[in-house]
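Sharing a structure here in structure tokens format.
The values are calculated or read from the model by the stated rules, or taken from the named source; none is laboratory data. Note that this is a predicted model, so its numbers are computed, not measured. Ideal geometry is used to build each Cβ from the backbone, glycine not excepted, and the neighbour counts take in all protein chains shown.
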Amino acid sequence: MIASFILTAIPAFIAHNFEDGGPFANVRSTRGRIAIHFALKFSRGLRNPLNMSSVLSLSCPNASYTSATTTLFALALIGNKDYRAQIRPSISTSDDRALLEEYFEGAVGLAKLRVNPPHLTPLFRHTTPSYNMPEIYPGEVAYITGAASGIGKALALRLVGQGGRVVIADVNGEAGAKFATELNEKAGSVVSISVKADTTVWEEQLAGFQLAVETFKRIDYVFANAGVAERPWLPPFDPAAAASRPLTKPNLSTADINLTGQLYTAALALQTFERQEPSEQSGFRGKLIMTASVFGFFPTRAMPMYAASKAGIVHFMRSAAEYYADKNITVNAIAPNLIDTGIAPDVLFVPFREQNLLSDIQLVLDQFQKLLGNSTLNGQALSISQANVWAHPPDTYKLAENLPACDLISVEIFKLFGDKTK
Ligand SMILES: NC(=O)c1ccc[n+]([C@@H]2O[C@H](COP(=O)([O-])OP(=O)(O)OC[C@H]3O[C@@H](n4cnc5c(N)ncnc54)[C@H](O)[C@@H]3O)[C@@H](O)[C@H]2O)c1
């Protein structure tokens, strides 16, 4: 037990000294990031049932020093049943509070999954003060791609319900226009406009953004959400026909829509945000939220194009979040598992319904909502799988070994391209 505490106290102390105290994903200084690396390495040495990725998923992304320290101490306590009752996370902000609560619940789940020790059940029984979920401020404007159906449509409904105004951007112009009209009729005022825009066509997206700014004067949120399911990139291999068939050019349309399309949306969002003053209500110039997927983290043999594009979104999001962090702009992503929407034919959902493996769309919307208003969350991939929600941690394998060169590469590239802001 004493050894456990010593081993935990050292990394906790190191973690305590993050230079900027910001989200783990956004710790910028080499020293701070190396400190995290070693803290996690030490933590792995503890005889507890959690591995390194669990350590990260326990850590609060918007962490105050206290949360980081609590996390590391908690790991030692997990391995020691005598101390389970003593875990009382000390939380500084409302964002921390909600997320930490979820992580702790997740940690219990993970621990159970791995070793199933009976003493873990009451481990993190703690009281959490009530948490006011951030909301869109009245009159704020959200531009949502793929808003004529599924997640985007449900999100638009929720935001209008909170007093926001929405731009319904979709390649399905008819459904988008019908939905916008319904929203306006219900509200009795213009709370919505629609634009027919294929996200893979730059000019169409540009026209959509121009119309939105012309109509509403600014855009506070952009949700790069439009996407499709896997479209097979290669025909299945048939050894009998292979000799007579030429090598086939792949169909990359999944990546065109899910990656290139979302990057066009991101490019328009970030440039629009940079050109407008911070909002008096939220203090932010704007917030970009991208729809990724759990397949942005986990490989899937059936959907290589989908996985590649969603992983691209996650990594772009984390990189852009670092770049724009000091410009009053946040960049985050939502990464759901399977949700019952129009993305696939109904027959695909049947076995998932039977086995209770679908995630509730309202829980997905809750994760979007955590990023609204004055939330300072940045660089986060908020994930949803059935009833589980977590902030998926960035990969830190061999981070310490790579950081000096990676950081210098950034400095030199900014010099080369003349970016005076970095
Ligand atoms: N449903 C899920 O299980 C699930 C899980 C994880 C992530 N996602 C992601 O959520 C996002 C929304 O999907 P959904 O489940 O709501 O699906 P959906 O099919 O119900 O809605 C997608 C909308 O995007 C629009 N769209 C498709 N291609 C477009 C394009 N090129 N330009 C403009 N609009 C286009 C469609 O017309 C549709 O209205 C996608 O990025 C998807 O990959 C979905």
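Give the residue that is farthest from the ligand (Cβ to nearest atom), with candidates limited to residues of the range 150-171 that are more than 20 Å from Tyr264 (Cα to Cα) and among the small types (Gly, Ala, Ser).
Among those residues, the one meeting the criterion is Gly163.
Would you check which residues across the range 284-311 are touching a strand residue (DSSP E or B) at 6+ places or on another chain (Cβ under 8 Å) and more than 10 Å from the ligand (Cβ to nearest atom) and list them? First the steps, then the outcome.
Here is the first cut: in the range 284-311, the ones touching a strand residue (DSSP E or B) at 6+ places or on another chain (Cβ under 8 Å) are 284-294, 296-297, 310.
Phe284, Arg285, Gly286, Lys287, Leu288, Ile289, Phe297, listed by residue number.
When you go through Val389, Val347 one by one, which is the residue that is within 16 Å of the ligand (Cβ to nearest atom), more than 25 Å from Phe316 (Cα to Cα) and among the aliphatic types (A, V, I, L, M)? Walk me through it before giving the result.
Details: Val389 fails: more than 25 Å from Phe316 (Cα to Cα).
Val347 is the lone residue from the list that is within 16 Å of the ligand (Cβ to nearest atom), more than 25 Å from Phe316 (Cα to Cα) and among the aliphatic types (A, V, I, L, M).
If only one of Ala333, Ala308, Ala320, Ala302 is assigned to a loop (DSSP other than H, G, I, E, B) and hydrophobic (A, V, I, L, M, F, W, C), which one is it? Spell out the reasoning first.
Working: Ala333 fails: assigned to a loop (DSSP other than H, G, I, E, B); Ala308 fails: assigned to a loop (DSSP other than H, G, I, E, B); Ala320 fails: assigned to a loop (DSSP other than H, G, I, E, B).
Among Ala333, Ala308, Ala320, Ala302, only Ala302 is assigned to a loop (DSSP other than H, G, I, E, B) and hydrophobic (A, V, I, L, M, F, W, C).
Still on this model: Can you tell me which of Asp346, Asp340 is of a type in the set (D, E, K, R), surrounded by fewer than 18 Cβ atoms within 10 Å (Cβ to Cβ) and touching a helix residue (DSSP H, G or I) at 6+ places or on another chain (Cβ under 6 Å)?
Within the list Asp346, Asp340, the selection yields Asp340.
Additional query: Output the number of residues of the range 339-395 satisfying the condition of being in a loop (DSSP other than H, G, I, E, B) and closer than 30 Å to Pro278 by Cβ. Break it down into steps so the answer makes sense when it comes.
Keep residues of the range 339-395 that are in a loop (DSSP other than H, G, I, E, B), which gives 340-345, 355-358, 360, 370-380, 386-387, 392-395.
Remaining after also requiring closer than 30 Å to Pro278 by Cβ: 370-380, 392-394.
Qualifying residue count, the range 339-395: 14.
Kindly provide the set of residues from the range 132-189 that are touching a residue at least 60 places away in the same chain (Cβ under 8 Å) and touching a Pro at 6+ places or on another chain (Cβ under 8 Å), ordered by number.
Ile151
Filter the range 172-183 down to residues that are crowded, with 16+ Cβ neighbours inside 10 Å and farther than 11 Å from Lys153 by Cβ and give me whichever is nearest to the ligand (Cβ to nearest atom). Show your work before the answer.
Going through the range 172-183, the residues crowded, with 16+ Cβ neighbours inside 10 Å turn out to be 172-173, 175-177, 179-180, 183.
Add one more test, that the residue is farther than 11 Å from Lys153 by Cβ, and what stays is 173, 177.
Working: Gly173: 9, Ala177: 12 Å.
The qualifying residue nearest to the ligand (Cβ to nearest atom) is Gly173.
Sticking with this one: Looking for something among the basic types (Lys, Arg), more than 27 Å from the chain's Cα centre (by Cα) and assigned by TED's automatic domain parsing to the domain that holds Gly146 - is there at least one such residue anywhere in the range 188-201?
Filtering the range 188-201 for residues among the basic types (Lys, Arg) gives 196.
Checking which are more than 27 Å from the chain's Cα centre (by Cα) leaves us with none.
No, the range 188-201 contains no residue that is among the basic types (Lys, Arg), more than 27 Å from the chain's Cα centre (by Cα) and assigned by TED's automatic domain parsing to the domain that holds Gly146.
In the set Ala320, Ala311, Ala292, which member is surrounded by fewer than 19 Cβ atoms within 10 Å (Cβ to Cβ), small (Gly, Ala, Ser) and under 16 Å from the mean Cα position of the chain (by Cα)? Step through it out loud before you land on a result.
Details: Ala320 fails: surrounded by fewer than 19 Cβ atoms within 10 Å (Cβ to Cβ); Ala292 fails: surrounded by fewer than 19 Cβ atoms within 10 Å (Cβ to Cβ).
When all the criteria are applied, what remains is Ala311.
So that you can scan it fast, the table gives a plain yes or no per residue for (1) within 18 Å of Val389 (Cα to Cα); (2) at pLDDT 95 or above; (3) surrounded by 15 or more Cβ atoms within 10 Å (Cβ to Cβ); (4) outside the structural domain of Leu358 (by TED's automatic domain parsing):
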residue: Ala98; (1), (2), (3), (4): yes, no, yes, yes
residue: Ala107; (1), (2), (3), (4): yes, no, yes, yes
residue: Leu110; (1), (2), (3), (4): yes, no, yes, yes
residue: Leu113; (1), (2), (3), (4): yes, no, no, yes
residue: Pro134; (1), (2), (3), (4): yes, no, yes, yes
residue: Thr145; (1), (2), (3), (4): no, yes, yes, no
residue: Gly150; (1), (2), (3), (4): no, yes, yes, no
residue: Ala154; (1), (2), (3), (4): no, yes, yes, no
residue: Val166; (1), (2), (3), (4): no, yes, yes, no
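A quick yes/no check of all residues on (1) more than 22 Å from the chain's Cα centre (by Cα); (2) of a type in the set (A, V, I, L, M, F, W, C):
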site: Arg158; (1), (2): no, no
site: Gly164; (1), (2): no, no
site: Val167; (1), (2): no, yes
site: Glu174; (1), (2): yes, no
site: Glu204; (1), (2): yes, no
site: Tyr221; (1), (2): no, no
site: Ala255; (1), (2): no, yes
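If you don't mind, another one. Looking only at the range 270-283, decide whether some residue is surrounded by fewer than 21 Cβ atoms within 10 Å (Cβ to Cβ), closer than 29 Å to Lys327 by Cβ, within 15 Å of the ligand (Cβ to nearest atom) and touching a residue at least 40 places away in the same chain (Cβ under 8 Å).
Within the range 270-283, not a single residue is surrounded by fewer than 21 Cβ atoms within 10 Å (Cβ to Cβ), closer than 29 Å to Lys327 by Cβ, within 15 Å of the ligand (Cβ to nearest atom) and touching a residue at least 40 places away in the same chain (Cβ under 8 Å).
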